[in-house]
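Right, one structure below, let's go through it.
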Amino acid sequence: MVLGWNHGNITRSKAEELLSRAGKDGSFLVRASESIPRAYALCVLYRNCVYTYRILPNEDDKFTVQASEGVPMRFFTKLDQLIEFYKKENMGLVTHLQYPVPLEEEDPAEDPEEDTESVMSPPELPPRNIPPPAGPCGPCEAKEPPPLVETPRGTEVSRPSLSETLFQRLQSMDTSGLPEEHLKAIQDYLSTQLALDSDFVKMGSSSLPHLKKLTSLLCKELHGEVTRTLPSLESLQRLFDQQLSPGLRSRLQVPGEASPITMVAKLSQLMGLLSSIEDKVKALLHEGSEAPHRRSLIPPVTFEVKSESLGIPQKIHLKVDVESGKLIVKKSKDGSEDKFYSHKKILQLIKSQKFLNKLVILVETEKEKTLRKEYVFADSKKREGFCQLLQQMKNKHSEQPEPDMITIFIGTWNMGNAPPPKKITSWFLSKGQGKTRDDSADYIPHDIYVIGTQEDPLGEKEWLEILRHSLQEITSITFKTMAIHTLWNIRIVVLAKPEHENRISHICTDNVKTGIANTLGNKGAVGVSFMFNGTSLGFVNSHLTSGSEKKLRRNQNYMNILRFLALGDKKLSPFNITHRFTHLFWLGDLNYRVELPTWEAEAIIQKIKQQQFADLLAHDQLLTERREQKVFLHFEEEEITFAPTYRFERLTRDKYAYTKQKATGMKYNLPSWCDRVLWKSYPLVHVVCQSYGCTSDIMTSDHSPVFATFEAGVTSQFVSKNGPGTVNSQGQIEFIACCATLKTKSQTKFYLEFHSSCLESFVKSQEGENEEGHEGELVVRFDETLPKLKPIISDPEYLLDQHILISIKSSDSDESYGEGCIALRLEAIETQMPIYTSLTHHGEMMGHFRGEIKLQTSQGKKREKLYDFVKTERDESSGTKCLKSLTSHDPVKQWEPPSSSRSTDTQLQEDLQLAKPEMFENPLYGSVSSFPKLVTRKEQETSKMPPKEPPPCPDPGIASPSILLTKAQETEGSKQAPTPFLSPAPRLRSFTCSSSTTEGRMTSGDKNQGKPKTLAVSHAPVPAKRPIKPSRSDMSQQGTPTPAPRPPLPAKSLAVLQLQHSKARDYRDNTELPHHKHRPEDAVLGRTAMQ
């Protein structure tokens, strides 16, 4: 019997919404508890407030109602018996149960014909290559990383020599089975003879005489045995050279006896070992004691640029030699080098905002003076490729033992139940349409490749072979398979460079089914999470419900995946996957469509041919739902500048097949961006989307593969100077005068929980004081009740990279009512700084948390990170650009300077003039000269196609988590009205990208991406040629906070920004159709030119 009041796994906020809609005292429903397995929550409405009682099972599976007071302990074998009992008056509840709230009518069931056409029985999968984790703890219990050796820290860490490093490695090995004389010979070689062999290598010799002496000594006895045995074996071979007669049989091998097969295998293994040992020693001596994560072979790449000398422009050539760590300047491509700068002398790269192909290089001269070299590249993609190569050079020759930035490739492809073509390398090289990488970056392999497929007909082993072979073809690296997980035909694969294998730990996989009745795996999600040193990474590949009209069903699919996908640290149980990871990437066939009438199909095709993507993206369901905060709250997506990836005729990209004859009539699938990549990162961490597009030459499916590449900041596994298990008394995190504003009708007391990897365990506060807020909101104040948090390590290099996760919980049910994240990267230490974060729960906006924080660390300073090497130069006019976000309509997250002397309409008109529509030249659609003249953005805009009136520009401003707000700004922000919807806008980024950026990107706030912002924008213009200081603190301190005509820009947008232009901004160079792949001869740097 279906109990009408039992709503199962609905969320707490949904239960409150249903009770409020009922509106009668005594209305009730039962839902599953969010905090305790197998428990329930009884929700009762009384005087417009919701009271929640936990229903707990005991050891005999009998149910009882638990409350803080007034409810006697009674046990019931069934839920309906419990409900019937409490329908009586005066049984201890706030009021007796009277009106059951019925279940909502579910969305119409999925069209069986639509959803079962690709429904197949779950494929039989071959055994996985990944060894299962030891123990009965489940897939998330991975082996803990080995303890780190404590190293004394000072201003400079002395690096051990190669001999010392190898000695330490030998001591950590089990050498109990080695003969004593052999062990002594190895130790002697490491102490004295290794250095002599190193001298031979440095002089160009290919022989290692002392290593040969060592191996000869170790194999001395074996050599004698082989010498004695080989003649006997040769005689035996000659004896039996003729075939045996049919009556003779070979003697059965006695167990334990050395068979010929065993002997041959051992001898082959021995020969392989002897040859590989010599190769490895040669390679090690060539590289010295460099960390292995920097090993890769990238050929020198030459860029033709323009440079002004005494006001006269001249062509010169910049040759980037990553392996030798040199930037060589030459007057002609094949001529001798004019001068060179070593990697240590290259201090910073500064990209111009005003001129998209201009770059400034700060170099140090022999006299320790800083020179500013300005160069103009052929186009912005060449500039970005040059920046990426320089970054790779700095990383390769860095003295830091661990990387602080990695690059990640994300790929998603609905394979359409068809095998892939023979060649899919363009996918992994980010070639095709959209924001693509320059050819000069082809030789830079990514650190991690994450490939998600849907409707994948292949077995795991077969697909892995194809992926690894394709990556080896373009990188010459054999990548390690870190994880693979499959749900029916939905699959995710994670591959990593071999040198990262020991940096990756705590691998966890899981899946959620969202097919028909949430029981079929033809739709759903698979996920992988792991730790990369001290940074948590999560990846979700999902295939959501199909059909243009199934938008609400897709939203529900997303919510179910969010709630029930079990990845990451189990200790973070109050938080779903959007808060469990430093970086979370969500990819897949999300199936959101362009919502336009079917009779406009041909008009849509014409707009695609004319690259009028913005007009279509205004009707994109995913962008609309995100704007209304229904799905992917606080996620980000790079601007879409490629054609819709679905639904093509197979074996061509020239035609969209938007009609399909079915038994029920004609089915329309309008061209849509079904395949997407989104991400969500902790506040103030480095993450940059370098490319986002789709391929043009992989045509076996009706979907095109989509790629996205990212730079992501990572942290090392920091070792405390005080040793493990000790808390440094010098460090302290203090929250002051905090309050949480919640959208709830519950009447209960609340407390806070603080979770962080920098704490020994989570910390719980005392209960706060409740107050009535505006429009039915509840304000919970924590003035004197917050504990002081003691971090395990107080070194600022460690602590300033950490984050505190906050959960506000109810005292009666211990259920979370909202979660948020606070970054500890503050502008000032030992000073009270304002903090802010939004509170979400199960993907819904629940309120916000604000207050002040005071951070105390030990002595020391934060070192410069690799991703600080590339900066963006300030432009004087960039501070007034208009900023829009999909979540800017949230009144909690809007603000406006209190002393604005101009009207909103006047401000909007000025912003619109600054944000004129702009279309960038596209290499897929025509050709341009290889060296355009320097033109400003305004000149570029006026020379483009006839302008189209842009949509109205809303007031800027959402506050990202941890944005520092003044109280005046907070008060003013609550008065903002919702903003109108606009198409997605360009990302505000200041780091290395692989394509041009539009005017909307170039704001004065974007150069400090990932850093705290000042409270207001200064009126004083910044000189255009003034280099940005490398220090984070210097960058963020631009002046005292004063009221300004425009608010500060957020440090990190949490959703895709809306397009400011009526025309899509593009990163390519010409006018052919988007499905044609064209490479202009004069603008492409091929592999033959890389020398």
- Query: Got a number for residues in the stretch 360-415 being open to solvent by 20 Å² or more (accessible area, probe 1.4 Å), among the polar types (S, T, N, Q) and either closer than 30 Å to TRP463 by Cα or out of contact with any His (no Cβ under 9 Å at 6 or more places or on another chain) (or both)?
  - Reply: 5
- Item | Hits in the stretch 514-525 (condition: in contact (Cβ under 8 Å) with a residue 60 or more places away in the chain and not in a helix (DSSP H, G or I)) | GLY515, LEU520, GLY521, ASN522, LYS523, ALA525
- If you scan the stretch 500-529, which residues turn out to be over 19 Å from THR412 (Cβ atoms) and under 23 Å from the mean Cα position of the chain (by Cα)? HIS500, GLU501, ASN502, ARG503, ILE504, SER505, HIS506, ILE507, CYS508
- Grab the strands (runs of 3 or more DSSP E) fully contained in the stretch 304-358, keeping just those with 3 or more residues being open to solvent by less than 60 Å² (accessible area, probe 1.4 Å) and touching a strand residue (DSSP E or B) at 6+ places or on another chain (Cβ under 8 Å). 312-321, 326-330, 346-351
- Task: Select the strands (runs of 3 or more DSSP E) contained entirely in the stretch 726-798, then report the ones holding at least 2 residues which are among the β-branched types (Val, Ile, Thr) and more than 32 Å from the chain's Cα centre (by Cα).
- Result: 778-782
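Yes/no per residue for (1) touching a residue at least 24 places away in the same chain (Cβ under 8 Å); (2) in a helix (DSSP H, G or I):
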{"position": "LYS14", "(1), (2)": "no, yes"}
{"position": "LYS24", "(1), (2)": "yes, no"}
{"position": "ILE36", "(1), (2)": "yes, no"}
{"position": "ALA41", "(1), (2)": "yes, no"}
{"position": "LEU56", "(1), (2)": "no, no"}
{"position": "ILE83", "(1), (2)": "yes, yes"}
{"position": "GLU89", "(1), (2)": "no, no"}
- For ASP801, indicate whether it is under 18 Å from ASN770 (Cβ atoms), out of contact with any Phe, Trp or Tyr (no Cβ under 8 Å at 6 or more places or on another chain) and modelled with pLDDT under 95. no
- Query: For the stretch 589-619, what are the residues that are polar (S, T, N, Q) and either surrounded by 17 or more Cβ atoms within 10 Å (Cβ to Cβ) or touching a Pro at 6+ places or on another chain (Cβ under 8 Å) (or both)?
  - Reply: ASN591, GLN611, GLN612
- Candidates TRP427, TRP413, filtered to the one that is under 30 Å from GLU649 (Cα atoms) and in a strand (DSSP E or B): TRP413
- Inspect the stretch 851-860 for any residue being of a type in the set (Lys, Arg) and under 17 Å from LEU778 (Cα atoms) and give the result as yes or no. no
- Condition test on VAL528, is it modelled with pLDDT of 95 or more and in contact with a Ser or Thr (Cβ under 6 Å, 6 or more places away or on another chain)? yes
- Just name the residue that is most open to solvent (accessible area, probe 1.4 Å) out of those in the stretch 620-675 that are without any contact (Cβ under 8 Å) to a residue 24 or more places away in the chain and among the basic types (Lys, Arg). LYS655
- Task: With the condition kept exactly as written, say whether any residue in the stretch 780-796 is touching a Leu at 6+ places or on another chain (Cβ under 9 Å), surrounded by 15 or more Cβ atoms within 10 Å (Cβ to Cβ), farther than 28 Å from GLN730 by Cα and of a type in the set (Val, Ile, Thr).
- Result: yes
- Message: So MET699 ticks every box in (1) in contact with a Lys or Arg (Cβ under 7 Å, 6 or more places away or on another chain); (2) open to solvent by 10 Å² or more (accessible area, probe 1.4 Å); (3) at pLDDT below 95 but one. Which box is left unticked?
- Response: (3)
- Note on the structure: The residue that is surrounded by the fewest Cβ atoms within 10 Å (Cβ to Cβ), considering only those in the stretch 448-469 that are within 23 Å of the chain's Cα centre (by Cα) and either over 22 Å from LYS523 (Cα atoms) or not β-branched (Val, Ile, Thr) (or both), is ARG468
- Which ones in the stretch 480-510 are assigned to a strand (DSSP E or B), touching a Phe, Trp or Tyr at 6+ places or on another chain (Cβ under 9 Å) and open to solvent by 40 Å² or more (accessible area, probe 1.4 Å)? HIS506, ILE507
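The values are calculated or read from the model by the stated rules, or taken from the named source; none is laboratory data. Remember, predicted model here, so these are calculated numbers, not experimental data. Virtual Cβ from ideal backbone geometry, glycine too; neighbours counted across all protein chains shown. The accessibility values were calculated without ligands, DNA or RNA, using every heavy atom of the protein model including side chains. Shrake-Rupley method; radii C 1.70, N 1.55, O 1.52, S 1.80 Å.
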